[in-house]
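The values are calculated or read from the model by the stated rules, or taken from the named source; none is laboratory data. Here the structure is a predicted model, which means the values were calculated and not measured. Using ideal geometry, Cβ is built from the backbone for each residue, glycine included, and neighbour counts are taken over all protein chains shown. The area values use the complete protein model at the heavy-atom level, side chains included, leaving out ligands, DNA and RNA. Shrake-Rupley method; radii C 1.70, N 1.55, O 1.52, S 1.80 Å.
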Amino acid sequence: MSALLFRDLRLAFRAGGGFGLGLAFFLLVAVLVPLGVGPEPTTLAKIAPGILWVGALLACLLSLDRIFALDFEDGSLDLLATSPLPMEGAVAVKALAHWLVTGLPLTLLAPVLGLLLNLPAESYLWLILSLLAGTPALSMIGAFGAALTVGIKRGGLLLSLLVLPLYVPTLIFGAEVIKRGASGADAVTPLALLVAITAVSGALLPFAAAAAIRVNLR
Amino acid sequence: MELLVKDLAVQRGGLTVLEGVSFSLAAGQALVLRGANGIGKTTLLRTIAGLQPKAAGELNVPPETLAYASHADGLKATLSVQENLRFWASVYGTDLVEDALQAMNLTALRNRWAGSLSAGQKRRLGLARLMVSGRAIWLLDEPTVSLDAASVALFAGVVQGHLAQGGAALMATHIDLGLAQAETLDLTPYRATAATIRRTDAFQEAFL
């Protein structure tokens, strides 16, 4: 298991691994929005939580099809399926690797971009907490979508269509945590729901994704 | 450790391609599958490897004794030769990387990126992965594609050594490896005819 994790991380950081892709996209969104919306500090502060979450979500979406497509193309998915690793475990590990390469760096970068968007000072803690709790769900749900579309050439469009509706609850609760945190209201409830989404998807989706891959490999 | 196949039928894309295939493979034996293109050699190997369900018949083999090598070598272009093998060694829980590098004549290339290898060298690395698995029964799909004569001989020696150590090999190949103990199974008589082709029901078909 750990061998697969380290292999995926190593591949991500090597040339063509796509490590910086999501981060660069996130940065672009956060830099371009103030230019498009105008530099009004109150407007920016109001839309900042939503923009940061939408940016993180789309940045995550960008690299989803790589989770299994590359392994499928070079045949290593076949070999993994016949190896002693349980497919469910392999899926979970690959989702974890995806999170370590996209979700975690996004979470760490978000406070800096919050500064650009004039995010109120009391929101930073909630921003980090919500992304930390929510982005693993994005990776896991995304891995499930990638498993469903593995083997389809240029399946990126189908993947986005499948995954976007599943991302909506995470997005709503994630942005809600920051909004409530900023206004001093109770932010723990949406945060708890966010953690619940992550926990449930982490517990169930590896099995669904593994089943989808087995069917797609036939 | 024995591979026992009885009256096996295999399907590709929902249609039966081979049926009534029976053979057994014991330790120290090698079996070469022959047959025209498209007859179902790969499908048979994939079914035995557990990648697709069998259509009918019996397939008796402990899955933890199998190692499958497909057309594709499953190499990562941006990992070195050594890193590629180390990964599979830790997946299978063995430490045979050095042996495999030596056996497939890859020691000099160990630090090269797999992406910069020639087609034949990639194939040799793909076959070295089999050795690293430490599994007893090798399922080989066209193992000699893009290998030069010297490498074919090298590989034949490796298979010979594997058989001598109590392993077994089932391979689909058109080239004679010159293995003394290899038997040949021609798949032509097992080709499914129009009358016997079983169509899968609509529900199953949705998952193909």
Report summary line: Exactly one of A:91, A:54 is modelled with pLDDT of 90 or more and open to solvent by 20 Å² or more (accessible area, probe 1.4 Å), and that one is A:54
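Scan the range A:121-153 for residues that are without any contact (Cβ under 8 Å) to a residue 12 or more places away in the chain and of a type outside the set (A, V, I, L, M) and report the count.
The qualifying residues number 1.
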Report summary line: Taking the range A:4-25 and keeping residues part of a helix (DSSP H, G or I), of a type outside the set (Lys, Arg) and open to solvent by less than 20 Å² (accessible area, probe 1.4 Å) leaves A:4, A:12, A:22
Report task. Could you please find all residues in the range B:23-69 being open to solvent by 10 Å² or more (accessible area, probe 1.4 Å) and among the small types (Gly, Ala, Ser)? Result -> B:24, B:26, B:27, B:28, B:35, B:36, B:38, B:49, B:50, B:55, B:56, B:57
Report task. Look through B:179, B:154 and report the one residue that is on the phi < 0 side of the Ramachandran plot and open to solvent by less than 40 Å² (accessible area, probe 1.4 Å). Result -> B:179
Requested in this report: Go through (1) under 18 Å from residue B:31 (Cβ atoms); (2) surrounded by fewer than 19 Cβ atoms within 10 Å (Cβ to Cβ); (3) under 14 Å from the mean Cα position of the chain (by Cα) and name the single condition residue B:145 misses.
Outcome: (1)
Query raised in the report: Quick check: anything in the range A:26-42 crowded, with 22+ Cβ neighbours inside 10 Å, free of Cβ contacts under 8 Å to residues at least 60 places away in the same chain and in a helix (DSSP H, G or I)?
Result: no
Query raised in the report: So which residues in the range B:47-62 are within 8 Å of chain A (Cβ to nearest Cβ) and over 17 Å from residue B:127 (Cα atoms), if there are any at all?
Result: B:50, B:51, B:52, B:53
Report task. Being more than 11 Å from every other protein chain (Cβ to nearest Cβ) and either in contact (Cβ under 8 Å) with a residue 40 or more places away in the chain or of a type in the set (D, E, K, R) (or both) is the filter; apply it to the range B:66-97 and report the residue that is farthest from residue B:115 (Cα to Cα). Result -> B:95
Query raised in the report: What is the one condition in (1) touching a residue at least 60 places away in the same chain (Cβ under 8 Å); (2) part of a helix (DSSP H, G or I); (3) not hydroxyl-bearing (Ser, Thr, Tyr) that residue A:118 does not satisfy?
Result: (2)
Requested in this report: Please work out which one of (1) under 10 Å from the mean Cα position of the chain (by Cα); (2) open to solvent by less than 20 Å² (accessible area, probe 1.4 Å); (3) not charged (D, E, K, R) is the condition residue A:83 fails and give its number.
Outcome: (1)
Query raised in the report: Which residue, of B:160, B:181, B:165, is at pLDDT below 85 and more than 30 Å from residue B:55 (Cβ to Cβ)?
Result: B:181
Report task. Output the residues belonging to the range A:78-92 that are in a loop (DSSP other than H, G, I, E, B) and within 7 Å of chain B (Cβ to nearest Cβ). Result -> A:82, A:83, A:84, A:85
**Report entry** Extreme residue, surrounded by the fewest Cβ atoms within 10 Å (Cβ to Cβ), among residues of the range B:117-140 that are among the small types (Gly, Ala, Ser) and within 12 Å of chain A (Cβ to nearest Cβ)
**Finding:** B:134
Requested in this report: Tell me, please, whether a residue that is away from chain A (no Cβ under 12 Å) and in a strand (DSSP E or B) can be found in the range B:33-43.
Outcome: yes
Requested in this report: Kindly list, by first and then second residue, each pair from a residue in the range A:3-25 that is more than 15 Å from residue B:90 (Cβ to Cβ) and small (Gly, Ala, Ser) to a residue that is outside any helix (DSSP H, G or I) and modelled with pLDDT under 85, limited to pairs with Cβ atoms under 7 Å and residues at least 6 apart or on different chains.
Outcome: A:12/A:18
**Report entry** Residues of the range A:157-187 that turn out to be crowded, with 17+ Cβ neighbours inside 10 Å, over 15 Å from the mean Cα position of the chain (by Cα) and assigned to a helix (DSSP H, G or I), as a count
**Finding:** 7
Requested in this report: Give the residues of the range A:60-77 that are more than 10 Å from chain B (Cβ to nearest Cβ) and open to solvent by 40 Å² or more (accessible area, probe 1.4 Å), sorted by residue number.
Outcome: A:62, A:65, A:66
Report task. Just need a number here: residues in the range B:70-111 that are over 18 Å from residue A:12 (Cα atoms), open to solvent by 50 Å² or more (accessible area, probe 1.4 Å) and either among the basic types (Lys, Arg) or touching a Pro at 6+ places or on another chain (Cβ under 9 Å) (or both). Result -> 2
**Report entry** Meets criteria (over 30 Å from residue B:72 (Cα atoms), within 17 Å of the chain's Cα centre (by Cα) and surrounded by 23 or more Cβ atoms within 10 Å (Cβ to Cβ)) for residue A:134
**Finding:** yes
Query raised in the report: Across the range B:3-14, what is the number of residues that are in contact (Cβ under 8 Å) with a residue 60 or more places away in the chain and surrounded by 14 or more Cβ atoms within 10 Å (Cβ to Cβ)?
Result: 4
